[in-house]
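Enquirer: If you scroll down you'll find the structure; I have some questions about it.
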C-alpha cells in the first residue's frame, strides 16, 4: 500500500518571526538573473495525462540515499499534476535539447502532442528521448514555500548517455551552453 508524501506547510513568519518586508518580487528576480543555473525538464503523469515543465531549481542533496530537490511555481499549469504524482522523471538537458526546454516552458500548448519526442517508461512515466541524463524518482516530501512548492525526490533509476555533452544553462533570461570557451583559465 502506497501512502502520499507528507505535506509540510511553511509560513515564513513561523520560521523566522522577524522577516519583515524584504525585497520586492521584481528585485528578487532581478538579483537571481545574474545566477546561472542548469536547465532540467520535469515530467509526470498522475493518471490523467502527461505534463512537463522546465526548471532551473534542480539540485542534488545527498548521494546516500540518492536525493534531489526542485521547486515549482504554484502558477505553473503542470503544478497540480506534479503535486499529485508519486513518481516523476527529471531530465538534465544538454545544449542540444533547447527545443525541449522551450517546449516545456511554453504555456497553453500540448507539450506531448509530438509523440516522436517522448515515450513511456515501463513504470508509466513520460520520458523525453535523446536527453543526456534522466532520473526517475519517487516523491518523498513536499513543502510549501511562498508561492511555490519544494519537492524532494528519491532517485530510483537513471539513464546517462555515453556522450559528453555541453549542458544547457539559463542566465539573465537567456539560454546558454558551456564549452571549451567557458573554461576558467585556472583549470
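Enquirer: If packing is taken as the mean number of other Cβ atoms within 10 Å per residue, what is the order of 115-122, 22-29, 167-174, highest first?
Expert: Those peptides, ordered most packed to least, come out 167-174, 115-122, 22-29.
Enquirer: Find the percent of Cα-Cα distances in the range 59-167 that exceed 25 Å, and round it to a whole number.
Expert: Summing the P(r) of the range 59-167 above 25 Å gives 20 percent of all pairs.
Enquirer: Given a cut-off of under 8 Å on Cα pairs at least six residues apart, what relative contact order in percent is computed for the chain?
Expert: 27 percent
Enquirer: Counting only helical runs of four or more DSSP H residues, what would the 222 nm mean residue ellipticity of the chain come to if each run contributes -39,500 (n - 2.57) and the total is spread over all its residues?
Expert: Roughly -3500 deg cm²/dmol at 222 nm, from the helical runs in the chain.
Enquirer: May I ask you to compute the full-extension gain from residue 147 to residue 79, defined as 0.36 nm times their residue separation minus their alpha-carbon distance, rounded to one decimal in nm?
Expert: 23.3 nm
Enquirer: Cα extents of the chain along the three principal axes, largest first, in whole Å?
Expert: 53, 49, 39
Enquirer: Okay, next question. Could you please state, rounded to a whole Å, how far the C-alpha centre of the range 110-159 is from the C-alpha centre of the range 37-54?
Expert: 5 Å
Enquirer: Please give the per residue volume of the convex hull enclosing the alpha carbon atoms of the range 49-97, rounded to a whole number of Å³.
Expert: Enclosed volume per residue, from the Cα hull, is 103 Å³.
None of the figures in this text is laboratory data; all of them are computed from the coordinates on show. None of these values were measured; they are calculated from a predicted model. Here Cβ is always computed from backbone atoms with ideal geometry, including for glycine, and neighbour counts include all displayed protein chains.
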